[in-house]
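Q: Sending over a structure as structure tokens; questions will come in a sec.
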There are 2 protein chains.
Amino acid sequence: MAEDALSHPGLDKDAGEEFLQEAFQVMLEEGIRKGMDASEKVCDWKEPEQLQQILDLELKHDGEPQERLLERCRDVIRYSVKTCHPRFFNQLFSGLDPHALAGRLITEMLNTSQYTYEIAPVFVLMEEVVLRKLRELIGWEKGDGIFCPGGSISNMYAMNVARYHCFPDCKQKGNWAIPKLAAFTSRECHYSIQKGVAFLGIGTDNIYLVAVDEKGKMIPADLEKQINQAKSEGAFPFFVNATCGTTVLGAFDPLAEIADVCERHRIWLHVDAAWGGSALLSQRHRHLLDGIKRADSVAWNPHKMLMTGLQCSAFLLRDSSGMLQRCHCAKATYLFQTDKFYDMAYDRGDQTIQCGRKVDCFKLWLMWKANGTAGLERRVDRAFAFTRYLADEIKKREGFQLVVEPEFINLCFWYVPPSLRGQEGCDDYSVRLGK
Amino acid sequence: MAEDALSHPGLDKDAGEEFLQEAFQVMLEEGIRKGMDASEKVCDWKEPEQLQQILDLELKHDGEPQERLLERCRDVIRYSVKTCHPRFFNQLFSGLDPHALAGRLITEMLNTSQYTYEIAPVFVLMEEVVLRKLRELIGWEKGDGIFCPGGSISNMYAMNVARYHCFPDCKQKGNWAIPKLAAFTSRECHYSIQKGVAFLGIGTDNIYLVAVDEKGKMIPADLEKQINQAKSEGAFPFFVNATCGTTVLGAFDPLAEIADVCERHRIWLHVDAAWGGSALLSQRHRHLLDGIKRADSVAWNPHKMLMTGLQCSAFLLRDSSGMLQRCHCAKATYLFQTDKFYDMAYDRGDQTIQCGRKVDCFKLWLMWKANGTAGLERRVDRAFAFTRYLADEIKKREGFQLVVEPEFINLCFWYVPPSLRGQEGCDDYSVRLGK
């Protein structure tokens, strides 16, 4: 039996390469050419039961021939949503950048786990260059950071570092050894703030929701009120989350005024710019984030507006004293040996809560090299211009109504059915419109 | 300016496809053909300063021509570690499965975020089939689960669900409202347990480290002793982590006996089978995990031994009452609307701590369809057989010494330099050998 296993041939390299070549052509044809063609469907929609039958998903004892597997690849693409389609508007990302995709394909092929310089020499250096560039756009000359699996986890990093900053002992002793913490965020914030405080053992009741104005922006005076309220309840305010680009309205919280409040009360200011951060690339629109350089930390997802592809979420930190490392390190000596033959300052893997970690920097780096900062700026400006164009068209068209003038690239509007037009004054207008 | 942006052409589709075609050929040639060729180097090693000069990583104002970008792709591959190389032994993964890679490439092209059936119809169904298959191998007829960005985060999910199981109020009120928690794990466990308790606000001091025997396996009697110790200190034992396949020695904790202890004390049993879980595919070796079906949760990374590619980590749960959802949901109504046109039970995105979430199931599914369960079993048996072969060779060879007889596919050995041979009895032998 043992000899059987030894003598059984491993992978057939030639057959493997042939399959990859053919699968790649299926991907180009079915996914990219058809996917980007406005005359094709965004998705060949099937009900769950029907799709289950078509796909024959069950995993069986024996393998299948190559031809059948290629058909399967074709089906998987056909019945999936084409997020690169010009009419895909479902989420906060869309489109396909060929250079970013090339970077992603090579990343998958290399299958690197980004722990140390020894295992990821190119990507350790590259991650640092990319993060530095993002920090420069924020306005920080120094700092720290890391790519995380999505903005929700970046926001959790921010909370954990803020907690560590106030109470480093918490890492050893847990929340029981520290005062009850209070976090502050606007009512329009992303739901990951709620998920984060729950996960970190802080609890959703300890979020103080700050009021917003009619555009969805946090009201700094109410933030201050909430902070005083929390203090009067014996809680310790440790974390303010300001949002740049709220999920629904695309609102930008007023960072400079919020930073004033945070400074007065000495509270960590985190900016969730997962969605809006990319506006920093535009000379014309970066004023939306004025004051961001006063933040202690920032979450920024180039996988959204910049089209880098999932996942590409940077957690950025103004601190340059190594707080990220001290907060998260576990010093596993089998991986982060202290007697290596190169400068171990390059081994950043112990800054994270992960062990194995995907390379998320290469796709962004290659896309940036291809387009230059100038090209990315045009991409951002173009998204703003399209939004402006659509807003103007909506205003001209009967039966359509803007919810609020857009300042970012979210556009919220109502379609008013003929039966409701001209009845804005009625008591149940908004209820009926919502239905 | 706005009109400029509108009229500026978007992506050139033909040029984009041509670049992708060429980058793919670079990937095949430089990454796969050379990468899998034993006569080539695993890595063209450069010191950090030298590599920085070669790569010219800085991101600039203007973009670069396609030819230069292709050279850059070539360089990135050349100076990266080829994890598919037959002599790559650095970490707990290696090799390259062409079907898994094809699945990964298509996943990247589709760029799906796995929130809901609406946005990810194929992958919502597929994830469930794959997770069910993994649960069957554990021995569970029902259950729950989700793919996570790596085993460390899967282990954190386990802790969070265990905490929620004991004290559902913690989600709202934080750790301050519940007794001090105590977690139990062996001295040989993965460092993510330590990272997890720190992140979740439980604190590393509240881990009770259980003694191991000479093979690195947890001693159940000592587990019971530690539990009683924690109770006598007023702590609440909520979580026992047993490891299947420890990182260094590859030891399997005795699950059945540990499950007895957990049942007696009514404590959540989590099995970190990130590394060893894949042995469940082998009829011959699955006895190493006897008792795993009594676990409450399991972490299992097919990206390790099965060669699925990073990241593919399943968090599996015996509970089928929806605890995963209740523990993590935030009920964001803009994403998880409750008035959709299909059965919303398919929308699993609120079970996670993430918002956007990469598709991690397709590569495993396609690889499984290609090889069948039988082919994956051969792959696992082959890894065991190679390890046995190497262990026997080491025993025959002068100057080499096994640390412990392998029961899994980790093989730890010493090279004893000629000056130390025959001096095993000396006081400073192990110190000198270590140096």
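Q: How many Cβ atoms of partner chains, on average, are near each residue of A:51-64 if near means within 10 Å of its Cβ?
A: Other-chain Cβ atoms within 10 Å of each residue's Cβ, averaged: 6.
Q: Now for a different question. In whole Hz and in residue order, list the ³J(HN,Hα) couplings for region B:386-394 that follow from phi through the Karplus curve 6.51 cos²θ - 1.76 cosθ + 1.60, θ = phi - 60°; x for Gly and Pro.
A: Once θ is set to phi - 60°, the couplings for region B:386-394 become 4, 5, 4, 4, 5, 4, 5, 5, 5 Hz.
Q: Same structure again: Please compute the volume of the convex hull spanned by the alpha-carbon atoms of region A:249-302 and report it per residue in Å³.
A: Per residue, the Cα convex hull of region A:249-302 comes to 73 Å³.
Q: How big is the protein assembly as shown on each of its three principal axes, counting only the C-alpha atoms and giving the largest first in Å?
A: 93, 63, 55
Q: Continuing with the same structure: Calculate how large, on average over all directions, the projected area of the Cα convex hull of region A:1-107 is; give the answer in nm² to one decimal. Provide the component values of the computation, followed by the final result.
A: On the way: hull surface 38.6 nm².
So the mean shadow area of the Cα hull is 9.7 nm².
Q: Across peptide B:77-85, what mean number of C-beta atoms from other chains lies inside 10 Å of a residue's C-beta?
A: Mean partner-chain Cβ count within 10 Å for B:77-85: 5.
Q: What is the mean projected area of the alpha carbon convex hull for chain B, to one decimal in square nanometres?
A: Over every viewing direction, the Cα hull of chain B projects on average to 28.3 nm².
Q: Here is a follow-up. Among A:Lys304/A:Lys340; B:Lys304/B:Lys331; B:Lys41/B:Lys396; A:Lys34/A:Lys293; A:Lys142/B:Lys435; A:Lys142/B:Lys195, which pairs are too far apart, with a Cα-Cα distance over 31 Å? It would help to have the intermediate numbers written out before the result.
A: Working: A:Lys304/A:Lys340 38 Å; B:Lys304/B:Lys331 34 Å; B:Lys41/B:Lys396 28 Å; A:Lys34/A:Lys293 43 Å; A:Lys142/B:Lys435 38 Å; A:Lys142/B:Lys195 26 Å.
In this structure, A:Lys304/A:Lys340; B:Lys304/B:Lys331; A:Lys34/A:Lys293; A:Lys142/B:Lys435 lie more than 31 Å apart at Cα.
Q: Quick one: net charge around B:Gly63, please, counting Lys, Arg +1 and Asp, Glu -1 for every other residue with C-beta under 11 Å from its C-beta. Let's see the in-between values first.
A: On the way: positive: A:Lys369, A:Arg378, B:Lys60, B:Arg68; negative: B:Asp62, B:Glu64.
Counting the neighbours of B:Gly63, the net charge comes to +2.
Q: On to the next question. Say R0 is 41 Å: what FRET efficiency, to the nearest 0.05, do B:Glu40 and A:His287 get from their beta-carbon distance? Before the final figure, lay out the partial values.
A: Details: r = 52 Å, r/R0 = 1.27.
The pair B:Glu40/A:His287 has a calculated efficiency of 0.20.
Q: Find, to one decimal place in angstroms, the Kirkwood hydrodynamic radius of region A:338-379, where the mean of 1/r is taken over every pair of different Cα atoms and then inverted.
A: Kirkwood hydrodynamic radius for region A:338-379: 13.2 Å.
Q: Show me the ranking of peptides B:248-260, A:46-58 by mean Cβ neighbours inside 10 Å, starting with the highest.
A: Per-residue Cβ counts within 10 Å, averaged per peptide and sorted highest first, yield B:248-260, A:46-58.
Q: Here's something else I'd like to know. Scale the Cα Rg of region A:52-120 by the rule-of-thumb value 2.2 N^0.38 Å and send over the ratio, two decimals.
A: Expressed relative to 2.2 N^0.38 Å, the Cα Rg reads 1.55.
Q: Leaving out same-chain residues fewer than 8 places away, which lysines sit with a Cα under 20 Å from that of A:Lys395?
A: Straight-line reach from A:Lys395, under 20 Å: A:Lys215.
Q: Here's something else I'd like to know. Please compute the Kirkwood hydrodynamic radius over region B:71-196, one decimal place, Å, based on all pairs of different Cα atoms. Write down the numbers at each step before the final one.
A: Values: mean 1/r = 0.0531 Å⁻¹.
For region B:71-196, inverting the mean 1/r across all distinct Cα pairs yields 18.8 Å.
Q: Also: Counting partner chain Cβ atoms within 10 Å of every residue's Cβ in B:374-386, what's the average?
A: 4
Q: Sticking with this one: If one computes the Cα centroid of region B:131-203 and of region B:263-303, what distance in Å separates the two points?
A: A separation of 14 Å, based on Cα centres.
Q: Okay, moving on. Give me Rg/Rg_expected for region A:283-375, where Rg uses Cα atoms only and Rg_expected = 2.2 N^0.38 Å with N residues. Present the calculation step by step, with values, prior to reporting the outcome.
A: Details: Rg = 16.5 Å, N = 93, 2.2 N^0.38 = 12.3 Å.
The reported ratio for this selection is 1.34.
Q: Using only the alpha carbons, work out the radius of gyration and Dmax of region A:213-260 in angstrom.
A: 11.8, 34
Q: Between A:Leu390 and B:Gln401, how many nm apart are label points set 7 Å from Cα along the C-beta direction?
A: Spacing of the two 7 Å Cα→Cβ label points: 7.0 nm.
Q: Also, I was wondering about something else. Could you give the alpha-carbon Rg of region B:42-82 over 2.2 N^0.38 Å, rounded to two decimals?
A: In units of the 2.2 N^0.38 Å rule of thumb, it is 1.25.
Q: For the residues B:Val298, B:Val431, B:Val380, what sequence is obtained by ranking on other C-beta atoms within 10 Å, fewest first? Walk me through the intermediate numbers first.
A: Numbers: B:Val298 32, B:Val431 9, B:Val380 22.
Neighbour counts put them in this order, fewest first: B:Val431, B:Val380, B:Val298.
Q: Can you list the residues of region A:152-179 with backbone N under 15 Å from a point 7 Å past the Cα of A:Ser321, pointing along Cα to Cβ?
A: Residues A:161-169 fall inside that zone.
Q: When you have a sec, figure out the Kirkwood radius of region B:72-112 from all distinct Cα pair distances and drop it here in Å to one decimal?
A: Over region B:72-112, the inverse of the mean reciprocal pair distance is 12.0 Å.
Q: Can you sort A:Phe362, B:Phe147, B:Phe167 so the residue with the fewest Cβ neighbours within 10 Å comes first?
A: B:Phe167, B:Phe147, A:Phe362
Q: Considering just Cα atoms, how many Å³ per residue does the convex hull of region B:223-351 enclose?
A: 162 Å³
Q: Along its principal axes, what span do the Cα atoms of region B:380-427 show, with the longest given first and each in whole Å?
A: 40, 19, 11
Q: Here is a follow-up. Please give me the summed charge of the neighbours of B:Gly16: other residues whose Cβ is under 13 Å from its Cβ, Lys and Arg +1, Asp and Glu -1.
A: Details: positive: A:Arg33, B:Lys13; negative: A:Asp97, B:Asp12, B:Asp14, B:Glu17, B:Glu18, B:Glu22.
Neighbour charge sum, excluding B:Gly16 itself: -4.
Q: Karplus couplings for region B:423-435 from phi (6.51 cos²θ - 1.76 cosθ + 1.60, θ = phi - 60°), rounded to Hz, Gly and Pro as x?
A: 10, 3, x, 5, 4, 9, 4, 5, 5, 5, 4, x, 5
Q: If you don't mind, another one. Quick one: what are the phi-derived ³J(HN,Hα) couplings along region B:12-20, Karplus 6.51/-1.76/1.60 with θ = phi - 60°, whole Hz, x for glycine and proline?
A: Each residue's phi maps through the Karplus curve to give 8, 5, 5, 4, x, 5, 4, 4, 4 Hz.
Q: Report the far tail of the P(r) of region B:286-435, meaning the percent of Cα-Cα pairs longer than 23 Å.
A: Counting pairs separated by more than 23 Å, the tail of P(r) holds 62 percent.
Q: Hey, what D do you get for region B:131-253 in µm²/s if you plug the Kirkwood alpha-carbon radius into Stokes-Einstein at 4 °C and 1.567 mPa s? Spell out each step's value before the answer.
A: Numbers: Rh = 15.5 Å.
It diffuses with D of about 84 µm²/s by this estimate.
Q: Any idea what % of Cα-Cα pairs in region A:11-74 are farther than 21 Å?
A: Counting pairs separated by more than 21 Å, the tail of P(r) holds 41 percent.
Q: Sort B:321-329, A:187-195, A:389-397, B:152-160 by packing, meaning the average of other beta carbons within 10 Å per residue, with the highest value first.
A: In descending order of packing, they fall as B:152-160, A:187-195, B:321-329, A:389-397.
Taken together, the values in this text are just the output of simple stated rules run on the coordinates, not laboratory data. These figures come from a predicted structure and were not determined experimentally. Note that each Cβ is placed from the backbone with ideal geometry, even for glycine, and that neighbours are counted across all protein chains shown.
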